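Okay, so here's the structure we're looking at.
The values are calculated or read from the model by the stated rules, or taken from the named source; none is laboratory data. Just so we're clear, the structure is a prediction, and the values are computed from it rather than from any experiment. Cβ sites come from the backbone with ideal geometry, for glycine too, and all protein chains shown count toward neighbours.
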Amino acid sequence: MNMFNQATLFLIILFIIGLIGKNQSLLIAVSVLIGIKLIGLDSKLFPHIHEKGINWGVTIITIAVLIPIATGDIGFRQLFEAMKSFYAWIALGSGIAVALLAKGGVNLLSEDPHITTALVLGTIIAVAVFKGVAVGPLIGAGIAYAVMKIVSIFG
């Protein structure tokens, strides 16, 4: 097992960026990946995590978002009250737009997987430097897909 290769060096650099940027999510993610490599399970776990990880993450985020409904803090009354607000309608439209963009992102990543490198780099920069949240690659791919479609129509 060659633990010290280009991939590990890249992860270590990302860890340092996470330290400098004080980004706990990046630090945890890199630590988990290095840990998996250290115990030698990377060849077994990485393909599975790569294939299913986004779905797991979306599921965990969805669970977190639904907690106020599960606890009863948000119910039908609050939903109907919120829908009287102009901001709620903006949020509703934004939710629809993001889901449609993410759908386009899935299409782009399956049709043109090398674009993932640029998307991941953009996400890392946003997370480490701008305190962003690492949900970017899929939505970023969706935005890229939409822009590419618009450019192909007018270009």
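Structural remarks
- Qualifying residue in the range 40-61 (condition: under 25 Å from residue 125 (Cβ atoms) and of a type in the set (Gly, Ala, Ser)): yes
- Flag for residue 31 being under 19 Å from residue 124 (Cβ atoms) and at pLDDT below 90: no
- Evaluated against (1) at pLDDT 85 or above; (2) touching a Pro at 6+ places or on another chain (Cβ under 9 Å), residue 54 falls short on exactly one condition, (1).
- Filter result (touching a residue at least 12 places away in the same chain (Cβ under 8 Å) and not β-branched (Val, Ile, Thr)) within the range 23-45: 23, 25, 26, 27, 29, 31, 33, 37, 38, 40
- Criterion: in a helix (DSSP H, G or I) and without any contact (Cβ under 8 Å) to a residue 60 or more places away in the chain - qualifying residue of 120, 129: 120
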